[in-house]
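See below for the structure under consideration.
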Amino acid sequence: QSVWGYDRDNGPDRWHENYPMAKGDKQSPIEINSKDVRHDTSLAPWHASYDPGAAKTILNNGRTCRVVFDDTFDRSVLRGGPLTGAYRLRQLHLHWGSSDDHGSEHVIDGVKYAAELHMVHWNPKHGNFAGALKQPDGVAVVGILLKVGKTPKPEMKRILEEIDNIKTKGKEAPFQHFDPSILFPKSRDYWTYHGSFTTPPCEECITWILLREPIEVSSDQMAKLRSLSKNGENEPVNPLVDNWRPLQPVKGRIVRASFK
Ligand SMILES: NS(=O)(=O)c1ccc(C(=O)NCc2ccccc2F)cc1
Ligand SMILES: [Zn+2]
């Protein structure tokens, strides 16, 4: 029984064999078509108040590079926007391609970005993360698109500097004193819709808050990300690239915009 992944024999087209939710009608990612988006004047601005001391470790789990935070109390929280109440920051991770012209999960008016960063938060009213997965308002993910440009965001450096310490699957390193809100772009404009995890178990528990303004990274920084490996130490090298899920059917869902 091969664990899910992004290769031919265990990739997105076969996830439904072990994770039936993958064929649900509120799956993510989706394409955002500006012509179908509805500007919702009632959408409030969102606010993140993160404690840099909550950052704990950074790890390579063979499928992404993930930074983990202490979510045992309301220490780093996301509020406002389409959300009711405070959602706790649990982890952030990325999805990226094998070249700069693709790699994001969400696609904006046909444009694919080099990567996409996800900040995953859960609603403590559901007790714990496992409980939150079972609720339509259980999880909130802030998605930030990464585009390759000339003025890379210096704040990405901190994450990319750690890559050398977590090259292979299972590697973990301390990652402390880090406030991920430094990664946010200038604009707080966002799209929001109801969807799912973009990886198994593909639970439809996510309120997506996808930021309109991409942040910039350099091509060298993308190459750094692509130097991660899916394989464990002393195993044949299997580059960790193209860990993005293809677009899923919108199935009549409404995407709202906080902006005109
Ligand atoms: N790409 S994304 O949509 O932002 C996404 C966010 C979180 C997870 C996650 O927590 N997986 C672990 C997990 C999932 C379900 C149950 C237990 C788990 F640990 C997966 C995908
Ligand atoms: Zn993700």
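The values are calculated or read from the model by the stated rules, or taken from the named source; none is laboratory data. Everything quoted here is computed from the prediction, not taken from an experiment. Backbone-built Cβ (ideal geometry, glycine too); neighbour counts: all protein chains shown. Note: areas computed on protein heavy atoms with side chains; ligands, DNA, RNA excluded. Shrake-Rupley method; radii C 1.70, N 1.55, O 1.52, S 1.80 Å.
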Computed label-point distance, nm, for sites residue 102 and residue 155 using a 7 Å Cα→Cβ extension: 3.0 nm
Lysines near residue 260 by alpha-carbon distance under 29 Å, same-chain residues fewer than 8 away left out - which ones? 26, 35, 112, 147, 150, 153, 186, 251
In nm, the gap between the two label points placed 7 Å beyond Cα toward Cβ at residue 3 and residue 73 is 3.3 nm
Using the alpha-carbon centroid of each, what span in Å lies between the stretch 203-260 and the stretch 1-50? 10 Å
Connecting every pair of Cα atoms under 10 Å apart in the chain and solving the GNM, the largest mean-square fluctuation among 200, 154, 52 falls on 154
Of 15-26, 221-232, 111-122, ordering from highest average Cβ density within 10 Å down gives 111-122, 221-232, 15-26
At a 1.4 Å probe, what is the % contribution of carbon and sulfur to the accessible area of the stretch 11-81? 48 percent
What's the Kirkwood radius of the stretch 19-92 in Å, using all Cα pairs? 15.4 Å
In the stretch 142-260, with Lys and Arg counted as +1 and Asp and Glu as -1 at Cβ, which of these residues, 215, 193, 160, has the Cα nearest the positive end of the dipole, that is, farthest along it? 193
Rounded to one decimal in nm, the spacing of the 7 Å Cα→Cβ label points at residue 42 and residue 23 is 3.6 nm
Just the accessible area per residue of the chain, please: how many Å² with a 1.4 Å probe? 45 Å²
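To the nearest 20 debye, what is the magnitude of the charge dipole of the chain about its Cα centre, counting +1 on the Cβ of each Lys and Arg and -1 on the Cβ of each Asp and Glu?
Details: 35 positive and 33 negative charges, 91 e Å.
Dipole size: approximately 440 debye.
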Restricting to lysines and to Cα separations under 17 Å from residue 230, and discarding same-chain partners fewer than 8 apart, the set is 167, 169, 171
In the stretch 138-254, what percent of the accessible surface is made up of carbon and sulfur (1.4 Å probe, ligands and nucleic acids excluded)? 51 percent
Amide H partners (placed H, <5 Å) of residue 11, local residues excluded: 5
One quarter of the C-alpha convex hull surface, i.e. the mean projected area of the stretch 50-207 in nm², amounts to 9.5 nm²
